[in-house]
Amino acid sequence: IRLLLENFSDDQLRRYEAYRRSALNRTNVKRLVTQIMNQQCSQTMAFVVAGFTKVYVGEIVELSRQIMEEWGDEGAIRPVHIREAQRRYQNRT
């Protein structure tokens with residue numbers, strides 16, 4: 001991992017650090033899962049769902065950045081990039 005981190009660009013390193021610091025509120029995740037499934041959600045299940053969600057969001061953000069580069073856009077990710085990333089992600093699976 002150290003070798004990977006040493007080869008990151010400044011922008012990639014900044015995004016990675018933001019990813020590592022981010023976390024979803026497990027109480028909110030637990031409440032959402034409980035509402036969707038109509039049954040109680042354990043803390044462990046909330047932890048797992050929050051982890052998968054974090055990975056999913058990270059993949060969508062990275063794909064959105066790639067789409068921005070393809071389209072020649074600069075600056076912040078816009079909703080159109082996220083929608084296109086979601087479309088491409090669904091077509092992959």
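The values are calculated or read from the model by the stated rules, or taken from the named source; none is laboratory data. If you're wondering where the values come from, they're calculated on a predicted model, not measured in any experiment. Positions of Cβ are generated from backbone atoms using ideal geometry, with glycine treated the same way; all protein chains shown enter the neighbour counts. We work out accessible area using only protein heavy atoms, side chains counted, and drop any ligands, DNA or RNA first. Shrake-Rupley method; radii C 1.70, N 1.55, O 1.52, S 1.80 Å.
Expressed as a whole percent, the accessible area of the chain that falls on carbon and sulfur atoms is 55 (1.4 Å probe).
The calculated FRET efficiency for the pair S22 and V48, based on their C-beta separation and a Förster distance of 22 Å, comes to about 0.85. Given R0 = 22 Å, the distance between the Cβ atoms of Y56 and E6 translates into a calculated FRET efficiency of 0.20.
Volume of the convex hull of the chain (Cα atoms only), normalised per residue: 143 Å³. So, R0 is 22 Å and r is the distance between the beta-carbons of L32 and Q66; what FRET efficiency does that work out to, to 0.05? Approximately 0.15, to the nearest 0.05.
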